[in-house]
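Taking it in order: structure first as structure tokens, then the write-up.
The values are calculated or read from the model by the stated rules, or taken from the named source; none is laboratory data. Bear in mind the structure is a predicted one, so any value in this text is a computation, not a measurement. Every residue, glycine among them, receives a Cβ derived from its backbone with ideal geometry; neighbour counts consider all protein chains shown. Side chains included, ligands, DNA and RNA excluded: accessible areas come from the protein's heavy atoms. Shrake-Rupley method; radii C 1.70, N 1.55, O 1.52, S 1.80 Å.
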Amino acid sequence: MYNETFLRRAIEISAKALETPGTEPFGAVIVKDGKIVGEGINRSVMNHDPTSHGETEAIRDACRNLETVDLRGCELYSSCEPCALCVAAMNIAGIAALYYAADMAQAGGAIADLPEAARFPVDVDRLTHECGHAVTERIMPSEQHLDVEATKILHDWASLARSRV
Ligand SMILES: [Zn+2]
């Protein structure tokens, strides 16, 4: 069941990217039985790992903390709608439900403002076309909340990147 505290935590994690070089403002938490069991932020640039998204990092963290690869019954809260890569990882791990803030269109608006050199290389529309269905057409239940707050952080990130060019 949706709990705003956890989505606010995911957004708070995303905002750390404004101060942490090598990260991007996409944060996620995994919740089991009303408690956070894993957290993640996008560290693709820092780790030289294109699969280091907030959601995959949160799944890795939760699995290590719980010493399992089975996250059935867990919920994922993300500052942004997960890409197809992360949806695949969520389904492999058995995540039961998704709650997210900014959606793909809102994130895309901020990413379009990034300077060319810092532009997110993922073509989300192509990825969705190649890998599966839109968020509203999936079996996994999902809800969007707090999108305005999460999208502001994405635009702050793009402004910060532009100021450094
Ligand atoms: Zn992703």
Checking the conditions here, which among E39, E12 is charged (D, E, K, R) and in a strand (DSSP E or B)? E39
Residues of segment 87-98 classified as within 13 Å of the ligand (Cβ to nearest atom) and either over 22 Å from D70 (Cα atoms) or in contact with an Asp or Glu (Cβ under 6 Å, 6 or more places away or on another chain) (or both), total: 0
Collect the residues in segment 61-79 that are assigned to a helix (DSSP H, G or I) and over 26 Å from E149 (Cα atoms), keeping them in residue-number order. C63, R64, N65, L66
Yes/no for N91 being open to solvent by 10 Å² or more (accessible area, probe 1.4 Å), touching a residue at least 12 places away in the same chain (Cβ under 8 Å) and of a type outside the set (A, V, I, L, M, F, W, C): yes
Take the conditions open to solvent by less than 10 Å² (accessible area, probe 1.4 Å), within 15 Å of the ligand (Cβ to nearest atom), among the hydrophobic types (A, V, I, L, M, F, W, C) and within 23 Å of V165 (Cα to Cα) and apply them to A107. Does it pass? yes
Of the residues H53, H133, which single one is farther than 20 Å from T5 by Cβ and at pLDDT 95 or above? H53
A careful count of residues in segment 1-17 that are in contact with an Asp or Glu (Cβ under 6 Å, 6 or more places away or on another chain) and open to solvent by 20 Å² or more (accessible area, probe 1.4 Å) gives 1
Name every residue in segment 18-55 that is away from the ligand (no atom under 13 Å from the Cβ), among the polar types (S, T, N, Q) and crowded, with 18+ Cβ neighbours inside 10 Å, in order of residue number. T23
In the list A58, A15, A101, A62, which residue meets the criterion of being away from the ligand (no atom under 15 Å from the Cβ), over 28 Å from V165 (Cα atoms), small (G, A, S) and at pLDDT 95 or above? A62
Working only within segment 65-86, note down all residues that are out of contact with any strand residue (DSSP E or B) (no Cβ under 8 Å at 6 or more places or on another chain) and more than 16 Å from the ligand (Cβ to nearest atom). E67, T68, V69, D70, R72
Is it the case that some residue within segment 83-94 is within 12 Å of the chain's Cα centre (by Cα) and not hydrophobic (A, V, I, L, M, F, W, C)? no
Answer yes or no: is there a residue in segment 145-154 that is out of contact with any strand residue (DSSP E or B) (no Cβ under 7 Å at 6 or more places or on another chain) and surrounded by 15 or more Cβ atoms within 10 Å (Cβ to Cβ). yes
